[in-house]
Amino acid sequence: MILLMTLSMLLINLPSARASTDELLLQLQCTSFLKKFDRIVSHTATGDAQASPVTGFPYLRTSRFLVSFRDQVMGQAALRQWLGMMRQLDAQARAMEWSHLDAEWQAFIAAAKPVVMGNSSTMEAISQCGRYLVTKDLAKPDRLKALRDVVQVAGDYQVWKRITGLYYLTRYATLDGIEKLAELTHERYRSKLDELMPVATRKIFTPQATSFLGTDQLRSLMQNISRNPLQIPLPSKKQAELLLQHYAPVWVPGQTSENDSIGKPSWLTDQSWPYVDTQQPVTYTLLSHTRFQGITLLQLVYTIWFPGRTAESAIDSLAGHLDGITWRVTLDPQGQPLIYDSMHNCGCYHLFFPVADSGLEPEPVNADSATVEERALVPQQVATLQQGERVHLYITAGSHDLVRVRVRRPEPSSVSYELEDYNELRSLATESDVRRSLFDPAGLVPGTERLESLYLWPMGVLRPGAMRQWGHHATAFVGRRHFDQPDLMERYFVYRQ
């Protein structure tokens, strides 16, 4: 009798036991599949560095913004969104990496797909595995705790260089040079623009899209985009396009050589370095976020590329192949600009430009503070935009320094530029079927190293002066600062309105 009861219980539990075994097998196969993908990408040096892998969670990648939610108390819906956004970063990066591989390597990866996904494409299998693993981990408190413990983005500073370069001594001389450069920058912004950039040398690049949003349209667009568990402004693709068109700047670089024209980065087959095709003026765009006074704000990012920075002398430590500028617009909850900031695409020359009536002021310097670091450089306030006006950015020839920001209606333009998604740079067409990123697996643009690295290496920044991928812009030599940190406004500005 006892034997019969035992057999009955086993038969009853057999389906659930089999299901549990099948689930465990699928988890193991998915994890193995994703890890094999990663090994091949590492072996072929075709990795994409924009988002950071999460140790122990091969289906997730993260950003500094998403890491900022790590210690926040979140309900199940917020946790699902948080993991979902990291899952999306991983899927996006893997799509880029897949496009960099030739057919032979793609076949190796495809052969490792879980058995039950045999009829799915490799990218579909990656997506299915990612969603499945997220669902399983959401149900396991211990896995969620482990995720919070390990999720981080490594800084773009090499500690060993700071140690061997005696950073805590050499930083004072570097900081002195940076403060002198800041004084020179303020002096330039007080100078007459025509003296810095004669009108005859200027070339105007305006956005091809000339449409503007009305005030009511803008307010309506912004009204609902933060209605999600984490209250992050997440416009749809169409809404993002409208915002990016509305706030696209007018670029006004001085022109003394081919190096001063805006263009499209491209590769030729077997070329070691990328080049910039100046016959195709392009501004690359992406969205980012910052957190200020308990609210998450939307940021619009615009990046341009020049063929190079022209040498001003026989040995110019700042000159070299490729150059570029990134301009960022931080919007308030109503969709109005609150502050702008800019940098060169090496992460150098990070400048802040608060809107004049925004109520934002630089954080007062604490004379008693023992902290030794670079302060925010604020050379100018910017007037409030009126309907039909655009921000005009005046950029010197050769060095490509941003020396003035003006708000005005667009002037007659000699050249119009197109807006393209920044992600295009992560998978550029070549003359073969295999695509190639502008950036190497470390997030740097090959061939753009500068001689300044010979004397700035003790500050710890990886290859100072080299052009960088989004997420890898260290913007301070003394101290630590990254362009994509979500706390920059909290760190450097106070709100007095």
Where does the range 320-419 land on the Kirkwood hydrodynamic radius, alpha-carbon pairs, in angstrom? 15.6
Which one is right for this structure if Cα extents along the principal axes in Å is calculated from it: (1) 102, 54, 52; (2) 72, 67, 44; (3) 90, 66, 40? (1)
Per 0.36 nm of contour for each residue apart, how much would the distance between Val150 and Val372 grow if the chain were fully extended, relative to their Cα-Cα spacing? 77.0 nm
Output the Cα-based Rg and Dmax of the range 255-402 in Å, rounding Rg to one decimal and Dmax to a whole number. 17.9, 57
So if R0 is 51 Å, what FRET efficiency would Val115 and Glu195 give, r being the distance between their Cβ atoms, rounded to the nearest 0.05? 0.10
For 224-235, 484-495, 111-122, ranked highest to lowest by mean beta-carbon neighbours within 10 Å, the order is 484-495, 224-235, 111-122
Using per-residue counts of other Cβ atoms within 10 Å, averaged over each peptide, order 173-179, 277-283 from highest down. 277-283, 173-179
Just to be sure I follow the rule: in the chain, considering lysines 8 or more places apart or on different chains, how many pairs have Cα atoms under 24 Å apart? 13
Using only alpha-carbon positions, what ratio does the radius of gyration of the range 95-232 give when scaled by 2.2 N^0.38 Å? 1.87
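Kirkwood Rh, Cα Rg: Rg to Rh for the range 365-495?
Numbers: Rg = 18.9 Å, Rh = 18.7 Å.
When Rh is taken as the Kirkwood radius, the ratio is 1.01.
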Ranked on Cβ counts within 10 Å of their own Cβ, fewest leading, Phe477, Phe205, Phe108 go Phe108, Phe205, Phe477
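For the range 136-185, what is Rg from Cα atoms divided by 2.2 N^0.38 Å, rounded to two decimals? Intermediate values should be presented prior to the final figure.
Details: Rg = 20.3 Å, N = 50, 2.2 N^0.38 = 9.7 Å.
The reported ratio for this selection is 2.08.
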How large is log10 of I(q)/I(0) for the range 2-150 at q = 0.09, 0.12, 0.17, 0.20 Å⁻¹ when the intensity is taken from the Debye formula with one equal scatterer per alpha-carbon? -0.35, -0.57, -0.97, -1.23
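Exactly which chymotrypsin sites (Phe, Trp or Tyr not before Pro) in the range 136-170 are in a DSSP loop and have at most 13 other Cβ atoms within 10 Å? If you can, show how the numbers build up before the last one.
Numbers: sites: Tyr157, Trp160, Tyr167, Tyr168; in loops: none.
Sparse-neighbourhood loop chymotrypsin sites (Phe, Trp or Tyr not before Pro): none present.
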Only Lys, Arg, Asp and Glu count, each charged at its Cβ (+1, +1, -1, -1), so figure out the dipole size of the chain about its Cα centre, rounded to 20 debye. 1260
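Just so you know, all these numbers are worked out from the coordinates, no wet-lab data involved. What you see is a predicted model, and the numbers here were worked out from it, not measured in a lab. Ideal geometry is used to build each Cβ from the backbone, glycine not excepted, and the neighbour counts take in all protein chains shown.
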